[in-house]
Every structure is written in structure tokens, then in C-alpha cells.
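Undergrad: Right, I'll just put the structure down here and ask away after.
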Amino acid sequence: MATDEQGIAQARHEASSDDTPPRGRGTRVRRQRVRAAWLFLAPMLIVLTAVAGWPLVRTFWFSLTDASLSSLDGAQFIGFDNYLVFDDGWYGILADPLWWQSVWNTLYFTLVSVSLEAVLGVIVALVLNAHFRGRTLVRAAMLIPWAIPTVVSAKIWAWMLNDQFGIINHLLLTIGLIDAPLSWTADASLSMWAVIMVDVWKATPFVALLVLAALQMLPNDCYEAAKVDGIHPAKVFFRVTLPLITPALLVAVIFRALDALRVFDVIYVLTSNAASTMTMSIYARQQLVEFQDVGYGSAASTLLFMIIALVTVIYLYLGRRQLGGEQ
Amino acid sequence: MKSGLIPAGCLLAAIGAVSPVTAADLTLSCGAVGAELQLCQAGVKRWEAQTGHSVEVVSTPNSATERLSLYQQILNARSSDIDVFQIDVVWPGMLAPHLIDLNEHLPDGATDDFFEAIVDNNTVDGRLVAMPWFTDAGVLYYRSDLLDKYDLEVPTTWEGLTEAAQTVQAGEREAGRSDFWGYVFQGRAYEGLTVNALEWIASYPDGGTIVDDDGDITVNNAQAVEALSLAAGWIDNISPRGVLNYTEEEARGVFQSGNALFMRNWPYAWDLVQSEQSGIRDRVEVAPLPAGGEDGQSAGVLGGWNLAVSRYSDHPDMAADLVAFLTSFDEQKRRAIEGSYNPTLPALYQDDEVLAAVPFFGTLYDTFTSAVPRPAAVTGDNYPRVSNAFFNTVHEVLSGNVSAEQGLEQLDRELSRLKRRRW
């Protein structure tokens, strides 16, 4: 804090000295620093513009046209017609109930799966942080779901969840939890939970890994002090461990949330284009690839981007304390 | 933006997957439903032996909807990775710009012996874009032993099928077979459901349609309401709820393991349910699909696959020769006998060896020649959207989320919205 204030004072001093002719040493140094900073930033900015900015701008441009995948060159500019247009009733994405259902599905999927992954990830990390024989082996084993390509693991789950031959139904029937096989991926009321379950199975190790790394950096003295004072372990967890691992957990959660908001593979493999689990990405892909409608699909992609950006901004704003922003 | 990258990723993966490891002269895409791929490879081997060229055979996704997406990506990228494509009977119009005119590469009269309707279907603006390989129409598979056991006739109406399925299912379940079902079909939200549902609708008196020949939207009709209401009643009653995620092979899995009385499928399943490994060998027979009520008529939807040569192929003449070989009399006969694939040559339906292997090719000849087409020609490029809107609506109705009346009313609005884009 003290150094910050000194810095600010110095900056003010420099700012006021700008009134005099630019001979002051501080000004020149500062200019050099600014120039050097831009120089060092330039490669990254150029690469970002090329790989992120250009596709983004192009996608937005396509969303204002009626381009189709087979004739990209013959695209006509049609303004915001892909988004919303009145022509004997409202048309366009914003008037498409399926789009809004996809938005809702995506948000619901993200909220539920990421929450579960965060809670389970912390529990797994705590277990793995304890000292026991074979810990290294268990740590390696835990990573397997994360290491298997999503399409492969989703296909494995699709067979396990099969209504007639699946092992999940077989197990549940054997122990008597259900009396008729459930059609996990076909029943609209179950399929969302089925994909959430598979996603949680897959992504929990990722959260656990990041939290475990944070756990291993925790200072020992807090725990020794708590031990001496005879504090209950649960209280130690909520008052000491949790606050200290929060920054790492928040980073894990934002990574997962961004992944979940544009989820595609696990859902597409398990339930294909079914409306009850359709996410924004699946909606956009269907328009772009199946219907060849690059204009409309790009409009969906643009909206998808804006929604993800909005969620990220809100999240960063709410989590700014822990993420090392303002103190 | 991210989602824009996903198709590109799929495309790269697809191209990576089909790039021949060893440099083959040609690459051919084949379906892999049931024994399809093995049959295709055997045919290709014979051509290789005859000509000395080498061919790479690549398998494609089982779902026709996904297969079309893959093809469109490869063709739109003007990739020469695949020379010969196996294309669905509803695709020639959509894919024509990417396919060569086979008339220019095949001898005159090459199509004379084929079913005229299919050749017409494959001719776009006077260009023959694909050769008919095998035709298809939906048929009803039934367990003759079980119908005999319960002293039932083969149902001729959907109502009769429902009743027979209920009777047998109840009886078999009482006998301890808790996983026995009356009827399985293709209910996943994909092209196959469009086919199934169109078969129900078209079988009612005067035959309901989705879009008529003039391009008018006709789906919100009384026949469709009646057909879909009946079908919605099947779920959890005579069909497992899981049928809502079944394609052809999942349905066959249930039927072939002896767990269903009736199955709607294509003729290809015949050879498989009658194979040595099948648990129900010699206890299965095939009939035309039931009619909608006493005054209705049986309606199998026209399916079938054709072979087309890509415009971006480096060896169009060689590819056309492969197509001519694979669609020849001898090759189609072999495929009919070994895999029960319907020939596209009328002469083969009178061939004794073929009829001995697949008796219903003779008895169901009319079903195959008068099959109901999907509205692909009239809706053109919009057909995938029309089909998608239709199967999603039917899926919703079958799931019990909306009534048939509501669903069809919504579909009518949705199709009007699509029609604004002109078809």
C-alpha cells in the first residue's frame, strides 16, 4: 500500500512537471518506458488481432449478410435481418424460440455443472492433499477422465447410458433403485442431467488439480496455530483453507464456465440436436453446417460471443477482489 | 466465434481421417450401417482385381443427417480427397453443383435398365449426377413365431399393430420377459424420424403430405393429427421411451436380440436378422407397413443410395468406371443375395437366386416401386430445414411435450417462416 501511494505521488509530481518544457529526466524515462511497453506488447497484439480479432470481425460481417456455405462470394448485405426483422410477424434469431431455449439450456448447464465441479473438485483436492500410501498413484488415476478426449468419453458414456443394454440401468435395476430401465439420453427430463453428469465426471479432475496446487502452497503456521487453539477442523476449513484457496478456485471456475458456455462435443455425441439439450454452440453449428446458412449461423455465433463476453465481464467484476484486481 | 471454429475443426478431422495412408488411385465413401462396409469393400476388391487400380474405402457416419454435413464440408472446400460419394436419394438436388455429369463419362444407354423413377430423381437439369446403387423403402419386420403363439394375424393397419403389440407384450411380460416391447422404430430427432413419420401420415386415406408437389405447406392436416396422436400413444406403451434416441441400428439391436415383436426398418436388416449369429433366425418375416385405418394404404417412404463422382476428383473417368462397375447387374445381384440390398434393376426382382435369398423382394415388389418420396425436389436447398423442423416437431409430439394439434400448428407456422426464403 505504502509503495503504491509513493508511486501515485511521484506520478502526480511528474504530471505537474509536464507543464514545464519537456526537459525533465522523469518524463523522458516515462516516455521510453511507454514506448518499450508498446514494443513488447506489439507481437501479442498483432497475433491476437490476427487469430481472434479478424475472425470475430468477419463473423460479425457475415452475420449481416445472407451468405450460404456453398456461395460465400455471392453474399448480399441484409442489415440486421438475421437478428430481428418484422415482416408479417417477427423473424430472425431473436424471435426464434429455439434460440432462447438454447440460451437457457446453456446457462442452466453451465450453472449446475460448474457448481458441482467446484464443490466436488475441492473435496477431491482435499482428499488428495492428505498423506496416505499410494497417493501418487491415486493422483495420476484421478486425471484419467480429464485426459480422455471428450468425444471418446462421451461415446463410452453413451453406451453405458443406453436404455436397453447400458450398464448404468443394469446396476440400478440390480440394486433395486429403479424398477424399469430409464432412457437417459432420450427422455427430455433426464437428458440434461445425463449430460451434466458426464461433464462433471470429466471436468472435476481439472478443478481438483488447480485447487490441489493451491493447497500445497498454503502456509503451515496457520494450521499449527489453529491446532494449538483447538479449533474444529470444519471451522478451519471455512475460515482458513477456503479463503486462501479462493483465488485458485475462482480461476478454475472461470475456465470451466467459459468451457461450459460454449459446450458442444459432449452434448452433441450424447443427444445430437435434440431440443431439450440444445446449446448455443449446437444451434449455431446446425445453422452453419447442416443448413449451410452462414449468415444466420454467424449471427448466432456473434450473439454467443456477446453472451459469453457479458458473463465473463460480470464474473470478473464480482470476483475482482480475489482475482487480484483492486485491494 | 468459438463455435465458428468447431466446424472447421471437424472438417480438418474429417479430412485427416479420409486422407489415404498409402496413395490410392481413388477414394470411395461408403456407409457403414450393418454389413454395408464389408459388402462395399468386397465389391471394390473385385474392381481392383479387374482393373489393377487401388481404391481407398472410407466409412461415414451412420446418421444420414451427419453424413450430409460431412459431405457438404468436404465438397464446399473443393477437396479432392473423396472421388466417389455414396449419396442419399434426397440429396442430388442439393449436391448437384459439386458432382460431374455421368452421361459424359459413361457409354450411351448406361441407365436404360434401371428404374426410371430413380434415374429421373438423379437427373438434375438434364445432368445425370448419380447412378442408382440400391433402393429402399420402409418395411415391417415381425416375429412370426410370436404372432402364431398368440394366434394373431399380421396387422394391416397401425391400429391393428398397436393392438397386436399390446397383446403380445403383455403376454410375454407375464411370462417373465420384463424387457420385451411391442414395436421399435427410428425415433431420434434426425432424418430417419422424418421418414418414419411421413410413412404414418402418408398411410392415411388420401395420403397426408408435409409439402405437396406445388410447394404448398400441407402438413397441418387431419391425417397427420390422427397419425401422430396414435404414434405418441405408443411411447411407454408398446415402444420404450428410449426409441426417441434410436436410429436404424439401435432398433435392430433390440429386435435382433429378441426383445421386440415388430420393427420398422429398411430391407438391409433382413440379411442381418437372418444371419447365423442372430438369435431370431427363421422366426422373422417381412410385410408392408400397415395402413392408416381400414381405408388407408400402406406407404413406405422411398430411400436408397446412389453413387456420384465429385467434380473435384483428379480421375473422373476412372471414378465413373468404378461407379459403373459397382452398379452393374452382377454386383447388384451379389449385394442383393449377400446383404439383401434392393437392386435398382427391375430384372433382378425376377432373378431366382435373388428371390431365394430374399423372398420379400418378390412379394413386396409394389412397395418398392410405389414408395412415397420425401419433399426434397420441391423444397430444394431448404429441404434439410424442412426435414429438421418436421422431425423436431414429431419428436416433441412423441415425447409428450405438445399435442399433435399444437405441434402441427407450430410446424405450419415454422414452415411458412422457412418458405419466406423461397423453395
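The values are calculated or read from the model by the stated rules, or taken from the named source; none is laboratory data. This is a predicted model, so every value here is computed, not measured. Reconstructed Cβ throughout: ideal geometry from the backbone, glycine too, with neighbour counts over all protein chains shown. Accessible surface is based on the protein model in full, side chains and every heavy atom, while ligands, DNA and RNA are left aside. Shrake-Rupley method; radii C 1.70, N 1.55, O 1.52, S 1.80 Å.
Undergrad: Rounding to the nearest 20 debye, state how big the charge dipole of chain A is about its Cα centre with +1 on each Lys and Arg Cβ and -1 on each Asp and Glu Cβ.
TA: 1720 debye
Undergrad: Which residue fluctuates most in the GNM of chain A (Cα springs below 10 Å): A:S113, A:S68, A:S298?
TA: Its mean-square fluctuation being the largest, the pick is A:S68.
Undergrad: At a Cα cut-off below 20 Å, give the aspartates and glutamates reachable from A:K202, other chains included and same-chain residues fewer than 8 away excluded.
TA: By straight Cα distance, A:K202 reaches A:E117, A:D259, A:D265.
Undergrad: If you don't mind, there's one more thing I want to ask. Where the accessible area of the protein assembly as shown is counted over protein heavy atoms with a 1.4 Å probe, how much of it, in %, is carbon and sulfur?
TA: 58 percent
Undergrad: Pull up the cross-link candidates among the lysines for B:K45, meaning alpha carbon to alpha carbon under 21 Å and not fewer than 8 places away within one chain.
TA: B:K333
Undergrad: Now, a different point. Go through the range B:394-401 residue by residue and turn each phi into a ³J(HN,Hα) via Karplus (6.51, -1.76, 1.60, θ = phi - 60°); whole Hz please, and just put x for glycine and proline.
TA: Working through the residues one at a time gives 4, 4, 5, 5, 5, 5, x, 7 Hz.
Undergrad: Where does each of B:167-173, B:407-413 land if you order them by average Cβ count within 10 Å, highest first?
TA: On the way: B:167-173: 17.9, B:407-413: 19.4.
Final packing ranking: B:407-413, B:167-173.
Undergrad: Residues of the range B:252-273 with the amide nitrogen closer than 20 Å to a label point 7 Å from the Cα of B:E163, along Cα-to-Cβ, please.
TA: Within reach of a label on B:E163: B:261-263.
Undergrad: Go ahead and run the numbers for FRET between A:R320 and A:L172, Cβ-Cβ distance against an R0 of 41 Å, rounding to 0.05.
TA: So, using R0 = 41 Å, E works out to roughly 0.40.
Undergrad: Does anything in the range B:312-343 have its amide N under 12 Å from the 7 Å Cα→Cβ label point of B:R281, and if so which residues?
TA: none
Undergrad: With springs connecting C-alpha atoms under 10 Å apart, model chain A as a Gaussian network and identify which of A:T279, A:T49, A:T65 has the largest mean-square fluctuation.
TA: A:T49
Undergrad: What are the ³J(HN,Hα) couplings of the range A:196-212, residue after residue, when phi is run through the Karplus curve with 6.51, -1.76, 1.60 and θ = phi - 60°? Round to Hz, x for glycine and proline.
TA: 5, 4, 5, 5, 5, 4, 6, 9, 4, x, 5, 4, 4, 5, 5, 5, 4
Undergrad: Oh, and also: Treat every Asp and Glu Cβ in chain B as -1 and every Lys and Arg Cβ as +1, leave all other atoms uncharged, and give the resulting dipole magnitude about the Cα centre to the nearest 20 debye. Please list the in-between numbers first.
TA: On the way: 28 positive and 60 negative charges, 310 e Å.
Magnitude of the dipole: close to 1480 debye.
Undergrad: For the protein assembly as shown, with every protein chain kept in place, what is the accessible area per residue (1.4 Å probe, Å²)? Could the numbers behind the result be given before it?
TA: Details: 34630 Å² over 750 residues.
Each residue of the protein assembly as shown exposes 46 Å² on average to a 1.4 Å probe.
Undergrad: As an exercise, use a Förster radius of 30 Å and the Cβ-Cβ distance of A:T246 and A:I144 to find the FRET efficiency, rounded to the nearest 0.05.
TA: After rounding, the FRET efficiency stands at 0.65.
Undergrad: Then there is this: Please give the calculated 222 nm ellipticity per residue for chain B, where each DSSP H segment of at least 4 residues contributes -39500 (n - 2.57) and the sum is spread over every residue; nearest 500 deg cm²/dmol? Kindly include the intermediate steps, with their values, before the conclusion.
TA: Working: 19 runs with 191 residues, N = 423.
Calculated mean residue ellipticity at 222 nm is -13500 deg cm²/dmol.
Undergrad: Averaged over A:257-266, how many beta carbons belonging to a partner chain fall within 10 Å of each residue's beta carbon?
TA: Mean shielding by partner chains, rounded to a whole number: 2.
Undergrad: Give me, ordered by chain and number, the residues 5 or more places off B:W181 or on other chains with an amide H under 5 Å from its own placed amide H.
TA: Placed amide hydrogens put B:A260, B:L261 under 5 Å from B:W181.
Undergrad: Okay, next question. Between B:A170 and A:M160, how many nm apart are label points set 7 Å from Cα along the C-beta direction?
TA: Result for the modelled spin labels: 3.9 nm.
Undergrad: Counting only DSSP beta bridges with both residues in the protein assembly as shown, tell me the antiparallel percent, nearest 5.
TA: Of the beta bridges lying entirely in the protein assembly as shown, close to 70 percent run antiparallel.
Undergrad: Near the amide H of B:L99, under 5 Å away, which other amide H atoms are found, from residues 5 or more places off or on another chain, if H is placed in the peptide plane?
TA: The list, which skips near neighbours in sequence, is B:R311.
Undergrad: If you don't mind, another one. Of the listed peptides A:95-106, B:375-386, B:183-194, what is their order by residue-averaged count of other C-beta atoms within 10 Å, with the highest listed first?
TA: B:183-194, B:375-386, A:95-106
Undergrad: Dipole of the range A:106-199 (Lys/Arg Cβ +1, Asp/Glu Cβ -1, origin at the Cα centre): which of A:H170, A:A188, A:W146 lies farthest to the positive side?
TA: It is A:W146, whose Cα lies furthest towards the positive end.
Undergrad: Which residue fluctuates the most in chain B, going by a Gaussian network model with Cα springs under 10 Å, if the choices are B:S203, B:S340, B:S54?
TA: Of B:S203, B:S340, B:S54, the Gaussian network model singles out B:S54 as fluctuating most.
Undergrad: Could you run the numbers on buried accessible area between B and A, total for both chains, 1.4 angstrom probe, in Å² to the nearest 100?
TA: For chain B against chain A, roughly 3200 Å² becomes buried.
Undergrad: Another question, if that's okay. Using θ = phi - 60° and the Karplus relation 6.51 cos²θ - 1.76 cosθ + 1.60, list the HN-Hα couplings for the range B:143-155 in order, rounded to whole Hz, with x at every Gly or Pro.
TA: 8, 5, 5, 6, 4, 5, 4, 9, 6, 10, 8, 5, x
Undergrad: Another one. Going by amide H atoms built from the backbone, whose H comes under 5 Å of the H on B:V372, apart from near neighbours?
TA: It is B:G300, B:V301, B:L302, by chain and number.
Undergrad: Report the extension gain between B:H315 and B:A347 in nm, rounded to one decimal, defined as 0.36 nm multiplied by the number of residues separating them, less their alpha carbon distance. Walk me through the numbers before you get to the answer.
TA: On the way: separation 32, 0.36 × 32 = 11.52 nm, distance 3.13 nm.
That pair, B:H315 and B:A347, stretches by 8.4 nm at full extension.
Undergrad: How big is the dipole moment of the protein assembly as shown about its Cα centre under a simple scheme where the beta carbon of each Lys and Arg is +1, that of each Asp and Glu is -1, and everything else is neutral? Debye, nearest 20, please.
TA: Magnitude of the dipole: close to 5380 debye.
Undergrad: Would you mind computing, in nm to one decimal, how far apart the modelled labels at A:W61 and B:E116 are, each placed 7 Å from Cα along Cα→Cβ?
TA: Rounded to a tenth, the inter-label distance reads 5.2 nm.
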